[in-house]
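Down below is the structure, laid out as structure tokens.
The values are calculated or read from the model by the stated rules, or taken from the named source; none is laboratory data. Quantities reported herein were computed from a predicted structural model and do not represent experimental measurements. Cβ placement follows ideal geometry from the backbone for every residue including glycine, while neighbour counts extend to all protein chains displayed.
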Amino acid sequence: MLIRPATPSDATQICDIWNPIIRDTTITFTTVEKTPMGIELMLSKSNPFLVAVRDTEVLGFTTYSPFRAGPGYASSMELSINLAQNARGQGIGSHLLRALENAAKTNGITTLIAGVSGANPNAVRFHEAHNYTRVGTLPQVGQKFGQRLDLVLLQKLL
């Protein structure tokens, strides 16, 4: 397995990982599926967008984006990490997270924040196992499939 920056040629496989999560789960509150063109636009921004690949198969990806607007938050980012169904439970997420943290430090980021659906306790445990501290829960701020969902916030100072 190799972790490398994502390229436009990865966009379709990234969509293939992300869209079932968007469409079929409460792991994310997003309901609008991604397109290869939208992924390519994300890749053109300056934030790291990393993929884990085996041969030519994208197994997962991670990136970060601004946590909040305004210059006072410039060194705090919210991370996103998603794995293909067949790549879960193999340590790939841990490798991606470490690579993203290293890229963040290189870019002067001092804080990474994970906003995790309360319906995804495995992701909460994953972040806690990587020294992210649960700093709060926002009850019922998300909605999907007619459910009101909590948002669990976890933070790591880099």
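Overview of values
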read-out	value
LEU112 part of a strand (DSSP E or B), touching a Gly at 6+ places or on another chain (Cβ under 7 Å), surrounded by 14 or more Cβ atoms within 10 Å (Cβ to Cβ) and not charged (D, E, K, R)	no
Tabulated pairs, region 18-29, first within 17 Å of PHE126 (Cβ to Cβ), second surrounded by fewer than 16 Cβ atoms within 10 Å (Cβ to Cβ), C-beta under 8 angstrom, 6+ apart or interchain	THR26/PHE145; THR26/GLN147
Subset tally (residues that are out of contact with any Leu (no Cβ under 6 Å at 6 or more places or on another chain) and either at pLDDT below 95 or closer than 16 Å to ILE109 by Cα (or both)) for region 57-76	13
Pairs where the first residue, in region 36-64, is over 11 Å from ALA99 (Cα atoms) and the second is among the acidic types (Asp, Glu), C-beta under 7 Å, 6+ apart	VAL58/ASP10; TYR64/GLU78
Test: ILE39 is in contact with a Cys (Cβ under 9 Å, 6 or more places away or on another chain) and either more than 29 Å from LEU157 (Cβ to Cβ) or surrounded by fewer than 20 Cβ atoms within 10 Å (Cβ to Cβ) (or both)	yes
Qualifying residue in region 78-93 (condition: closer than 23 Å to MET1 by Cα, β-branched (Val, Ile, Thr) and buried (at least 16 other Cβ atoms within 10 Å of the Cβ))	yes
Of the criteria (1) surrounded by 16 or more Cβ atoms within 10 Å (Cβ to Cβ); (2) among the hydroxyl-bearing types (Ser, Thr, Tyr); (3) within 22 Å of LEU149 (Cα to Cα), which one THR62 fails	(3)
Residue that is farthest from the chain's Cα centre (by Cα), among those in region 132-158 that are within 19 Å of PHE67 (Cα to Cα) and not in a strand (DSSP E or B)	LEU158
Hits in region 94-109 - residues which are over 22 Å from THR25 (Cα atoms) and buried (at least 20 other Cβ atoms within 10 Å of the Cβ)	LEU100, ALA104, ILE109
Number of the exception - VAL124 against (1) more than 25 Å from ALA6 (Cα to Cα); (2) β-branched (Val, Ile, Thr); (3) in contact (Cβ under 8 Å) with a residue 60 or more places away in the chain	(3)
